[in-house]
Amino acid sequence: MNSGAVIGIAIAIVIVLAAVMFLTAARRTDVRGAGALSRETRKRDQPAATGSKKSATGRDLEAAATASRTATVVKADTLLPSPWVEPDIEAIGLSRRKFFNRAYIGLMGLGLGGFAAASFVAFLWPTGGGGGFGGKVGAGKLDDILLNIRLNNGFFYLPEARTWITAYPADAVPKAKKIYPSLLLPGMEAGLVALYQKCPHLGCRVPECKSSQWFECPCHGSQYNRVGEKKAGPAPRGMDRFIVSVSGTGDVTIDTLGGAALPGPAIGTNTTGQEAEGPHCITGGE
C-alpha cells in the first residue's frame, strides 16, 4: 500500500471521530436544556405591568433591618432607696444567746471527746518496758552510782524512776534478810536501796535533809532514815521501794513495777541503827 492510500485512510478516520464528538456534544446540550426554562417563558414570568411591586432583594432586607435598629438609650426607672427599719433588739440578743450556747456546747463536746480519746489511747498504750517510770529503768553502772551518792552527801535522785537511791550498809544485810522480802535483798546485798519519792502518808514528795541525813516530809512531818525506815511522824510505814538488780557487768536496773512500789517496812524497823546526824530540816532541832 502506497503512502497516499495511508494518508487517505487517516483523514477518513479523523473525519469519523470528529462527527462522533459533534453528535455527542449536541445530545448533551439537548439533555441539559430539557429541564431549563426558555427565554420566552422567563419573559412571561416577569410582571406585565411596569408599575407592579418589585420583589425585595437580600440587600434591601439588610438595609431595612439596619434602619430598624436604634441607638437610643432608654433610661431606666429611678429606684428610690428602701426606708431604714430599726432592728429588733430582742431578736439580736436571742441570736447572740444562741451563738454562745452553741459555742459552749460545742467546746464542751470537743473537750469531752478529747478526754475520752486520750483515756482510750492511754488504756491501750502498753506500760512498762519502755525505759521510763512504770517499767525497768537503767540507772547506770554500780560504781558510778555509789560515787554519785558520796558526791551528793549520801543521796542520789533518779528522775526517770522517780526514785531516791541511797547506799545500804553491808553490815545491815543480815538483819534485812529477816525483815525485807526476798525480791529486795539482791539490791541490798549489792549496797543499794531504791526508795519511791512519795510519802506513804498522803503522797507528798519527800526530799532529803542533808544536815540530818534523813528523809523529811515537809507536808506533815514524817521522817525516815537514809534507807527509808520510819523514824517519826504520821506515816503508817517506812518509805515504799522498788526492786534493784545488778547485772554481771555492773549495770543497775530499777524495776518500777508499773508505778506500784512495794510497801515499806513496818513502824519500828531499824536495820541500820542510823540516828539523825545533824539538825532536822523541818523542825530545826537535833
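The values are calculated or read from the model by the stated rules, or taken from the named source; none is laboratory data. Everything numeric here is computed off the predicted structure, so don't read it as measured data. Cβ placement follows ideal geometry from the backbone for every residue including glycine, while neighbour counts extend to all protein chains displayed.
Annotations
- Residues satisfying the stated conditions in the stretch 240-253, i.e. in contact (Cβ under 8 Å) with a residue 60 or more places away in the chain and buried (at least 24 other Cβ atoms within 10 Å of the Cβ): F242, V244, V252
- Among the residues making up the stretch 147-178, those that are over 45 Å from the mean Cα position of the chain (by Cα) and in contact (Cβ under 8 Å) with a residue 24 or more places away in the chain are N153, G154, A167, Y168, P169, A172, K175, A176.
- Residue count, the stretch 132-153 (criterion: among the small types (G, A, S) and within 13 Å of A194 (Cα to Cα)): 2
- S222 passes every criterion in (1) surrounded by fewer than 24 Cβ atoms within 10 Å (Cβ to Cβ); (2) free of Cβ contacts under 8 Å to residues at least 24 places away in the same chain; (3) closer than 16 Å to N270 by Cβ apart from (1).
- Listing of strands (runs of 3 or more DSSP E) fully contained in the stretch 146-219 that carry 1 or more residues being polar (S, T, N, Q) and under 14 Å from T253 (Cα atoms): 163-167
- T256 vs. criteria crowded, with 22+ Cβ neighbours inside 10 Å, among the β-branched types (V, I, T), within 49 Å of the chain's Cα centre (by Cα) and modelled with pLDDT under 95: yes
- Against the numbered list (1) touching a strand residue (DSSP E or B) at 6+ places or on another chain (Cβ under 7 Å); (2) among the charged types (D, E, K, R); (3) farther than 15 Å from R241 by Cα, R226 comes up short only at (3).
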